[in-house]
1. Does B:Glu42 fit the bill of being within 26 Å of A:Glu94 (Cβ to Cβ), at pLDDT 95 or above and surrounded by fewer than 19 Cβ atoms within 10 Å (Cβ to Cβ)?
2. With the structure loaded, tell me whether B:Leu18 is away from DNA strand C (no atom under 12 Å from the Cβ) and touching an Asp or Glu at 6+ places or on another chain (Cβ under 8 Å) or whether it fails that test.
3. Can you confirm whether A:Val99 is in contact (Cβ under 8 Å) with a residue 40 or more places away in the chain, within 15 Å of DNA strand C (Cβ to nearest atom) and away from chain B (no Cβ under 14 Å)?
4. Spot the failing condition for B:Asp82; the list is (1) within 15 Å of DNA strand D (Cβ to nearest atom); (2) surrounded by fewer than 15 Cβ atoms within 10 Å (Cβ to Cβ); (3) more than 8 Å from chain A (Cβ to nearest Cβ), and only one is missed.
5. Please find, among B:Ala15, B:Ala23, the residue that is more than 9 Å from DNA strand D (Cβ to nearest atom) and over 30 Å from B:Pro120 (Cβ atoms).
6. Does the range B:1-37 hold any residues that are hydroxyl-bearing (Ser, Thr, Tyr) and more than 14 Å from every other protein chain (Cβ to nearest Cβ), and which are they?
7. Can you name every residue in the range B:81-138 that is among the acidic types (Asp, Glu) and within 30 Å of A:Ile74 (Cα to Cα)?
8. Would you be able to say whether some residue in the range A:29-50 is within 33 Å of the chain's Cα centre (by Cα), free of Cβ contacts under 8 Å to residues at least 24 places away in the same chain and within 16 Å of DNA strand D (Cβ to nearest atom)?
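The values are calculated or read from the model by the stated rules, or taken from the named source; none is laboratory data. Since we're looking at a predicted model, the values are computed, not measured. In this analysis, Cβ positions are derived from the backbone assuming ideal geometry, glycine residues included, and neighbour counts consider all displayed protein chains.
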There are 2 protein chains.
Amino acid sequence: MNIDIRHLRYFSAVAEELSISRAAQRLHMSQPPLSQQIQQLESRLGVVLLLRKKRGIELTAAGAALAAEAKLVIARLEQAVDTVQQIGRGELGEIRIGVISSAMWGEFPDLLRRFHAGFPGVNWSVKELMPAVQVQALMERRIAIGFFRSAAQAPAIPPPSPAMLTAGTLVPPHESTLGSQHSSNSFHCCSTPTACARLILGITP
Amino acid sequence: MNIDIRHLRYFSAVAEELSISRAAQRLHMSQPPLSQQIQQLESRLGVVLLLRKKRGIELTAAGAALAAEAKLVIARLEQAVDTVQQIGRGELGEIRIGVISSAMWGEFPDLLRRFHAGFPGVNWSVKELMPAVQVQALMERRIAIGFFRSAAQAPAIPPPSPAMLTAGTLVPPHESTLGSQHSSNSFHCCSTPTACARLILGITP
DNA sequence: GTCAATTACGAGCTTCGTAACAATA
DNA sequence: TATTGTTACGAAGCTCGTAATTGAC
């Protein structure tokens, strides 16, 4: 009874086209394997889904139900994949940022604004922290990025792990050597895999 | 990018156990193929899901999200399969019944009562129809079963199609020769694949 | 003859298990 | 050494396409 997403995709096409041959065309495959897959699906379910009629096919009640359900399952899966990929690309998620209070007088607010424009799916929070506290928070992954001014205060922090949007690394950012030019300037920053590297660069894709 | 339900099942187990070896045990397979499948899943998604740590593994943010989503997709699929199988077994659906008014004085109400007790998932409706109208309705599949008394009025109706719970055939019922003993008695009836054959027999499984 | 579906069969890919390897406590 | 995960590789199974078959118009 091992139903597969492929079975659902195939059956969905057949149910929509009400024809195996047309569905096979739409699926870019030949009829016989599609016919086989539908038979296999019926056998695994133990349910007749199609009525082979003189001309083409017809759905049984169970077949009609499966056609509807299959679409839901497929849609749910595709949405799940999409969400996971967005998180993976750092376009969706949460990011915690530590700053020294004077950063709010500098270029930080504008950087954050650009970041938010580029990554509207990422929820951010900013917390005012003393430099030493930021370093501690970075090491414990409680913040993803720390903004402060003195390079001397930034110790070796383990390289970023994609585990969370809260991983951090030291200058130069692991993902982007471009980031180092910024970080040697007015502030030091620690980057996460993607989102943070882009934040550092002010990229708004 | 061809994600499979198997991938989701595997990853779900890994995410719950937070260990590939333990998950493999639970899945009754050996570790290496499971490890491979997870790698394949990551590659197809283009997303890192697990962090290989010194001791065991850890979920990334994307991995945690997928673990949650996967459960939903799997549950949705299993519920869909269940529903379709119930319909296929005639335990879920709708059935329209035609009767002559005098049937309500006979054994019909009790038959219906027993049917409903046996198939609580099947919604039924009873309509009073003249015998000739019942025959017409049966042929057009607008009713699943017709109750009337004269065998002479029942013509040849195509054999039952599992297409609907509204298919009908003539005495003796196609699925059950047992049914004929009833139908030669006080009423004639036309049966659908399962539910109706059972209805005729008054079976309450 | 054509159209639509099924059956038959072989090539190529996928998945799994076993064995060997690497790294860590 | 025991544990946990990865790499390597071959056998078994699965999926697909081509070709032949059936059945209805």
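1. no
2. It is true that B:Leu18 is away from DNA strand C (no atom under 12 Å from the Cβ) and touching an Asp or Glu at 6+ places or on another chain (Cβ under 8 Å).
3. Numbers: in contact (Cβ under 8 Å) with a residue 40 or more places away in the chain: yes; within 15 Å of DNA strand C (Cβ to nearest atom): no; away from chain B (no Cβ under 14 Å): yes.
The answer is no for A:Val99.
4. Among (1) within 15 Å of DNA strand D (Cβ to nearest atom); (2) surrounded by fewer than 15 Cβ atoms within 10 Å (Cβ to Cβ); (3) more than 8 Å from chain A (Cβ to nearest Cβ), B:Asp82 violates only (1).
5. Selected residue: B:Ala15, the only one of B:Ala15, B:Ala23 that is more than 9 Å from DNA strand D (Cβ to nearest atom) and over 30 Å from B:Pro120 (Cβ atoms).
6. B:Ser19, B:Ser21, B:Ser30, B:Ser35
7. B:Asp82, B:Glu91, B:Glu94
8. Yes, the conditions are met somewhere in the range A:29-50.
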